[in-house]
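The values are calculated or read from the model by the stated rules, or taken from the named source; none is laboratory data. Since we're looking at a predicted model, the values are computed, not measured. Positions of Cβ are generated from backbone atoms using ideal geometry, with glycine treated the same way; all protein chains shown enter the neighbour counts.
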Amino acid sequence: MIGVEYKGRLGNQLFQFVFYQYLKSKKRSTLFFLQNPHHASVTKYFDLEPDGSNTGTRFYEIFTRLLVKFVKFKHIYMQNFVGPREILPQDNTIYHGYFQTDWYLNQLKGRISLKVKEKYFKDFCSKFDPIFKNHKTIVIHIRRTDYLSYGKRDISLPVSHFQAQLKTIADIETYKVIFVSDDMEFVKKEFPKQPNYIFSSNDEITDFQLIQHADIAIISNSTFAWWAAYLSPKNNYVIAPKNWMGFRLGRSHPKGIMTEKFYWAEVTD
């Protein structure tokens, strides 16, 4: 039996589900499970295939709790300081980590599906279809709050970064510019109101879909925004902060986060 622990928020859980499916593809004869399914919001919002929908049930939660309680497992903690690599899963092991890369997803070659559930997509369309069907869109995701003192450090991007990237877009007046943030009052102060600006406060799955369906997304160093932009059905253009969490150090962290699907912009104060 082999497990993968769910921890963190929605973006991290998506990476962990992908890693779980990657391990399953390597050893099909073994029972795999996700630890802490009760902690995960990913099954609330997404149709996860194959077999992801089963992991959100009460039965699965009880089963995995009993499994961890009565079976002795080895624990492997995978760090993000080294790049992703081929892994042969070990029996009676639980893997812990964040696995923040599209490398494992690419190894699966389209064999899994990560799709927002229909009811959340319909809610999104009922609110925002007129904007997205009739206008080109830019969505700017600015994360602050917990990032201001994350592990006793400020890992939030300077607001000047978002302002600078917005200025690089030609004919910006022809777009609807939608701001998504966990600190909207701050954003409103830093971006003076314009006729084409929309400051939108929503629940997390609506914010996710705003980023997902944008023609251009300017994102913060957040796995939530990473996945929203990555799962876009459009031929979107994504501006992401170069080196991600390591933007102040001048080197990429975590290793493997910088997907070829995004444009990676230098962050300067």
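Details
- Checking each residue in region 57-82 for being among the charged types (D, E, K, R) and farther than 15 Å from residue 40 by Cα picks out 69, 72, 74.
- Meets criteria (touching a Lys or Arg at 6+ places or on another chain (Cβ under 6 Å) and surrounded by fewer than 13 Cβ atoms within 10 Å (Cβ to Cβ)) for residue 83: yes
- The set of residues in region 227-269 that are in contact with a strand residue (DSSP E or B) (Cβ under 6 Å, 6 or more places away or on another chain), part of a loop (DSSP other than H, G, I, E, B) and hydroxyl-bearing (Ser, Thr, Tyr) is empty.
- Number of the condition not met by residue 2 [criteria: (1) surrounded by fewer than 23 Cβ atoms within 10 Å (Cβ to Cβ); (2) at pLDDT 90 or above; (3) closer than 19 Å to residue 116 by Cα]: (3)
- Cβ separations smaller than 9 Å between residues 6+ apart or across chains give the following pairs from region 60-71 residues that are in contact (Cβ under 8 Å) with a residue 60 or more places away in the chain to residues that are among the β-branched types (Val, Ile, Thr) and assigned to a helix (DSSP H, G or I): 64/55.
- Residue within region 54-66 that is buried (at least 16 other Cβ atoms within 10 Å of the Cβ), at pLDDT below 90 and closer than 17 Å to residue 99 by Cβ present: yes
- Verdict on residue 157 being surrounded by 13 or more Cβ atoms within 10 Å (Cβ to Cβ) and not assigned by TED's automatic domain parsing to the domain that holds residue 23: yes
- From the list 268, 223, 206, 259, the one residue that fits, being more than 24 Å from residue 47 (Cα to Cα) and polar (S, T, N, Q), is 268.
- From the list 148, 114, 108, the one residue that fits, being aliphatic (A, V, I, L, M) and within 30 Å of residue 269 (Cβ to Cβ), is 148.
- Listed by first and then second residue, the pairs with beta-carbon distance under 8 Å, at least 6 apart or on different chains, first residue in region 199-219 and over 11 Å from residue 120 (Cβ atoms) and small (Gly, Ala, Ser), second at pLDDT below 95 and part of a loop (DSSP other than H, G, I, E, B), form an empty list.
- Conditions (1) under 23 Å from residue 209 (Cα atoms); (2) crowded, with 23+ Cβ neighbours inside 10 Å; number of the one not met by residue 41: (2)
- Options 76, 62, 142: the member that is hydrophobic (A, V, I, L, M, F, W, C) and within 19 Å of the chain's Cα centre (by Cα): 142
- In region 9-29, the residues that are modelled with pLDDT of 90 or more and surrounded by fewer than 17 Cβ atoms within 10 Å (Cβ to Cβ): 9, 25, 26
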